[in-house]
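Peer 1: Quick one: the structure is below, questions incoming.
Only the coordinates and a few stated rules stand behind these numbers; no lab work does. Just so it is clear, the model here is predicted, and its values are computed rather than measured. Neighbour counts run over all protein chains shown; Cβ positions are idealised from the backbone, glycine included.
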2 protein chains.
Amino acid sequence: MPGREFFRTRTVAEALASLPGVTATSAERVGLDEALARIPKDDIVAQWPLPGFARSTVDGYAVQAVDTYGVSEGLPAYLDVIGAVTMGTAPDLVLRPGTAATMPTGGVMPDGADAVVMVEHTQQTIPGTVEVVRPVAPGDGLIKADEDVAVGQLLAPAGRPLRAPDLGMLAAAGVTSLAVHARPVVGICSTGDEVVPPETAELAVGQVRDATASALAGLVREAGGVPRSYGIVADDGMRLERVLRDAVSDCDLVVVSAGSSVGARDETAGAVERLGPPGIVCHGIAVRPGKPTLLAQCGEVPVVGLPGNPLSALVVFRLVGMPLVRRVGGCTRVPPEPRARARLTRQLASQAGRLDVIQVRLEREDGQLVASPLFGASALLSVLTAADGYTIVPEEATGLDAGVEVDVTLYR
Amino acid sequence: MPGREFFRTRTVAEALASLPGVTATSAERVGLDEALARIPKDDIVAQWPLPGFARSTVDGYAVQAVDTYGVSEGLPAYLDVIGAVTMGTAPDLVLRPGTAATMPTGGVMPDGADAVVMVEHTQQTIPGTVEVVRPVAPGDGLIKADEDVAVGQLLAPAGRPLRAPDLGMLAAAGVTSLAVHARPVVGICSTGDEVVPPETAELAVGQVRDATASALAGLVREAGGVPRSYGIVADDGMRLERVLRDAVSDCDLVVVSAGSSVGARDETAGAVERLGPPGIVCHGIAVRPGKPTLLAQCGEVPVVGLPGNPLSALVVFRLVGMPLVRRVGGCTRVPPEPRARARLTRQLASQAGRLDVIQVRLEREDGQLVASPLFGASALLSVLTAADGYTIVPEEATGLDAGVEVDVTLYR
């Protein structure tokens with residue numbers, strides 16, 4: 001294992017920090033209907049105020065508030081109704097003392113009016129006259145021309161995936177095309193003499209179908225990237241190096257899942273090292289499962305070497321790979337993940353200095369969530385698909401006691 | 001308001017239950033690389049066992065466990081190494097008592113072997129002989145041929161959106177094409193004389209750009225649907241009816257956001273009622289904001305009439321519309337949403353029997369999350385984009401005290 005002894009095992013945070021030269025993808029313009037979850041390259045600010053005009057927020061009557069002071073059910077104000085504001089047009093009315101205009105929700109405040117009385121607080125018993133039975137203050141029943149958004153105000157921040165309400169805000173502000181980071185292209189390559197494509201109908205004894213690549217492609221999409229398949233390479237360092245060189249030149253990030261045997265891992269490590277400079281920056285992460293992970297960089301492109309077992313590979317890719325996909329994709333404000341608090345059914349042992357990732361199944365017992373750890377060889381895919389989520393034993397802990405409450409990150 | 005008085009306000013659960021005739025979309029076949037978050041029409045079960053052969057889970061030596069019983073550092077077993085198992089092929093070795101074969105992780109167990117000793121527990125000092133210094137039991141260091149998945153075992157359940165690990169499992173099992181529910185097509189139509197398309201560069205006084213349609217399209221996508229725009233219809237009941245008839249005949253679900261004025265709401269209600277049978281099944285939901293919501297059905301197609309204010313419309317669509325999109329899309333097991341527990345900064349008043357949805361901003365104070373309610377007219381989009389999530393005051397409560405812990409559903 002040439003070179004391996006020069007690297008000490010790193011924590012996840014150290015591993016991520018060991019790739020400082022990573023830059024985000026360049027910008028591309030997209031329309032609003034393609035913008036969900038895309039990441040603005042720059043802060044998007046308002047060019048115009050919103051709503052842009054003083055606007056009624058209730059159905060009722062536009063008035064001069066002073067005309068309503070002191071009124072009550074027993075002592076209403078009687079105002080002359082001089083017209084009606086219609087939706088979507090500027091009213092050609094001017095309110096003078098003692099007058100009112102009928103007003104729909106969303107209508108433009110006529111000149112001279114400074115408040116809207118809700119229809120529920122009026123009666124129209126005499127034609128052409130409205131009785132107002134509750135006083136209003138100036139500003140009641142309306143929003144000002146820049147009350148929603150003032151010119152220059154932030155509509156959507158750089159670096160945060162756009163949410164559905166952001167799209168509404170951008171539409172309201174007339175922003176229908178925007179600069180977002182290009183989705184990072186993530187090259188995925190599998191190695192291993194025993195690994196065959198999922199389409200293989202009949203397996204020879206000893207062959208396994210490539211599970212990791214399909215699962216990784218899913219996680220890449222969840223992190224906002226576009227997976228690109230580089231297929232399966234047998235345990236041949238020179239061939240693997242050629243495939244990885246292609247991937248590095250065409251992708252923003254490259255992931256290679258090593259074969260499961262120690263020989264395959266060494267071939268992968270050698271091929272990745274030769275891709276440099278700078279080459280391998282981290283070899284071995286203090287995570288279980290997933291220790292034999294390597295991080296490298298070829299120019300600006302990060303290369304992640306994952307363990308061969310699918311469970312280990314997916315655990316590490318969640319911890320290290322998805323944050324890198326987000327970083328390369330310009331995402332600086334990571335959306336929240338679903339989590340739950342649950343009571344651990346049994347004790348978990350761990351080593352200090354090592355992060356343990358435990359797959360758990362959640363059940364409700366007496367109204368409380370309980371998390372049952374799922375164990376089994378990390379070669380077992382069924383452990384991962386049976387899990388509702390995972391919990392961790394942090395680096396500083398030497399284990400968790402049965403019965404404690406833990407945070408479970410939920411799969412979705 | 002013809003007919004309105006015949007409907008009493010419903011709770012969200014009652015409203016959803018009032019559309020019993022809704023059926024899920026039919027099936028379509030997709031490849032694995034398009035299957036993330038898609039919803040299997042039926043349970044997918046294994047046709048073959050996995051891994052399909054007894055497989056080593058460590059690097060080491062295949063042995064007969066009985067040969068290692070009682071061994072120790074001081075008293076090792078000496079076994080003849082009769083060959084090496086190579087990856088991806090069936091070994092042509094047969095282990096007899098007193099022999100061993102070198103074994104890579106993932107290799108096929110040779111005939112006669114029933115355990116694998118980890119390489120760390122061996123020494124090879126004499127060529128052709130391995131010293132075993134720790135005993136193993138039958139089954140150690142390997143997984144059986146059907147230990148991951150037995151024939152007939154569930155690979156992925158019907159009705160639950162496929163997760164990344166599911167894709168790995170399906171790939172391993174050779175399932176590369178699968179029947180999933182077609183994504184439900186959701187027609188979105190906006191009404192209101194004052195509403196103009198987001199592309200409108202210069203607004204006349206009184207006009208507002210359509211914010212709701214773009215935000216709804218985002219929520220439809222989040223719920224697994226495909227939004228289809230039916231544009232903006234002025235407050236003209238007959239035209240609206242024609243547009244809605246088109247939408248109902250081409251979509252799996254139709255959403256119409258009413259204009260904000262009472263006149264526009266009545267035109268919408270009238271047009272939706274005429275679409276029947278069965279027509280409007282629920283008029284008014286006990287939710288704030290969002291009370292003037294209507295649910296209807298035209299044949300099997302649900303029609304949701306939303307309030308005109310974007311904030312109200314989006315609140316209701318999250319509570320009522322997204323569950324309907326999922327139901328129509330065949331999703332019976334809804335993925336978890338991100339949530340947080342936070343301390344409420346101020347008291348919230350509410351009416352018993354009404355669900356209040358409160359937009360909140362989250363901040364960390366002394367290591368604890370606090371939730372500050374955001375208030376403002378429901379015409380303000382900025383309330384929604386400033387919020388990190390929402391909390392609810394449930395139907396049975398008359399308010400929440402300042403300082404209590406609340407559940408916040410986080411936007412992502």
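Peer 1: Let me know the shape class of the range A:339-410, please: from the alpha-carbon gyration tensor, a ≥ b ≥ c as square roots of the eigenvalues, rounded when a/c is under 1.5, otherwise prolate if a/b is greater than b/c, or oblate.
Peer 2: oblate
Peer 1: Here's a follow-up. Between A and B, which A residue has the Cβ nearest their rotation axis, distance in Å?
Peer 2: A:Pro338, 2
Peer 1: Still on this structure: Using only the Cα atoms of chain B, what are the Rg and Dmax in Å?
Peer 2: 31.2, 98
Peer 1: Which whole-Hz ³J(HN,Hα) couplings does the range B:288-295 yield from phi under the Karplus relation 6.51 cos²θ - 1.76 cosθ + 1.60, θ = phi - 60°, glycine and proline marked x?
Peer 2: Here the 3J(HN,Hα) series is 10, x, x, 3, x, 9, 10, 10 Hz.
Peer 1: Summing +1 for each Lys or Arg and -1 for each Asp or Glu, what net charge is found among the other residues whose Cβ lies under 13 Å from the Cβ of A:Glu363?
Peer 2: It works out to a net charge of 0.
Peer 1: How many partner chain Cβ atoms sit within 10 Å of a residue's Cβ in peptide B:379-392, on average, as a whole number?
Peer 2: For peptide B:379-392, the averaged partner shielding equals 5.
Peer 1: If packing is taken as the average number of other Cβ atoms within 10 Å across a peptide's residues, how do B:389-398, B:20-29, B:217-226 rank, most packed first?
Peer 2: Result, highest mean Cβ count within 10 Å first: B:217-226, B:389-398, B:20-29.
Peer 1: Now for a separate question. Within the range B:298-338, name every residue whose backbone N is under 15 Å away from a label modeled 7 Å from Cα of B:Ala397 along the Cβ vector.
Peer 2: Correct set: none at all.
Peer 1: What is the local net charge at A:Val320, summed over the other residues whose Cβ is closer than 13 Å to its Cβ (Lys, Arg +1; Asp, Glu -1)?
Peer 2: It works out to a net charge of +4.
Peer 1: When we measure straight from the Cα of B:Lys291, which aspartates and glutamates land under 16 angstrom away, once same-chain ones fewer than 8 places off are left out?
Peer 2: A:Asp59, B:Glu5, B:Glu14, B:Asp266, B:Asp356, B:Glu395
Peer 1: Give the long-range amide H neighbours of B:Ala286: residues separated by 5 or more places, or on another chain, with amide H under 5 Å away, using H modelled in the peptide plane at 1.01 Å from N.
Peer 2: B:Arg10, B:Thr11, B:Val12
Peer 1: Another one. Highest mean first, what order results for A:187-197, B:191-201 on Cβ atoms within 10 Å?
Peer 2: Result, highest mean Cβ count within 10 Å first: A:187-197, B:191-201.
Peer 1: Right, next: Using a label point 7 angstrom from Cα along Cα-to-C-beta, what distances in nm, from shortest up, separate B:Lys144 from the other copies?
Peer 2: Computed spacing set for this position: 7.6 nm.
Peer 1: Could you compute the net charge surrounding A:Val196? Neighbours are other residues with a C-beta less than 12 Å from the C-beta of A:Val196; K and R count +1, D and E count -1.
Peer 2: Net charge in that neighbourhood comes out at -4.
Peer 1: Based on a Kirkwood Rh over C-alpha pairs, give the Stokes-Einstein translational diffusion coefficient of the protein assembly as shown at 10 °C and viscosity 1.306 mPa s in µm²/s.
Peer 2: For the chosen part, D equals 53 µm²/s.
Peer 1: Also, I was wondering about something else. Placing a label point 7 Å from Cα toward Cβ, how far apart in nm is A:Gly367 from its equivalents in the other copies, listed shortest first to one decimal?
Peer 2: Sorted ascending, the copy-to-copy spacings read 2.9 nm.
Peer 1: Mind listing which GluC sites (Glu not before Pro) in the range A:258-356 are in a DSSP loop and have 14 or fewer other Cβ atoms within 10 Å?
Peer 2: Filter output for the range A:258-356: A:Glu300.
Peer 1: Please report how far the C-alpha centroid of the range B:177-243 lies from that of the range B:339-357, rounded to the nearest whole angstrom.
Peer 2: 30
Peer 1: In nm, give the distance between the simple-model label positions of A:Arg341 and B:Val45, each being 7 Å from the Cα along the Cα-to-Cβ direction.
Peer 2: 4.1
Peer 1: In addition: Using the Karplus curve 6.51 cos²θ - 1.76 cosθ + 1.60 with θ = phi - 60°, what ³J(HN,Hα) values do you get for each residue of the range B:382-390, in whole Hz, with x for Gly and Pro?
Peer 2: 5, 4, 6, 6, 7, 7, 8, x, 9
Peer 1: Could I ask something else about it? Mind listing the long-range amide H neighbours of A:Val226? Cut-off is under 5 Å, sequence gap 5 or more, other chains count too, H placed in the peptide plane at 1.01 Å from N.
Peer 2: Excluding prolines and chain starts, which carry no amide H, the hits are A:Val185, A:Val186.
Peer 1: Shifting gears a bit: What gaps in nm, shortest first, separate A:Ala84 from its twins in the other copies when you place the label 7 Å past Cα toward the beta carbon?
Peer 2: Relative to the other copies, A:Ala84 has label-point distances of 9.2 nm.
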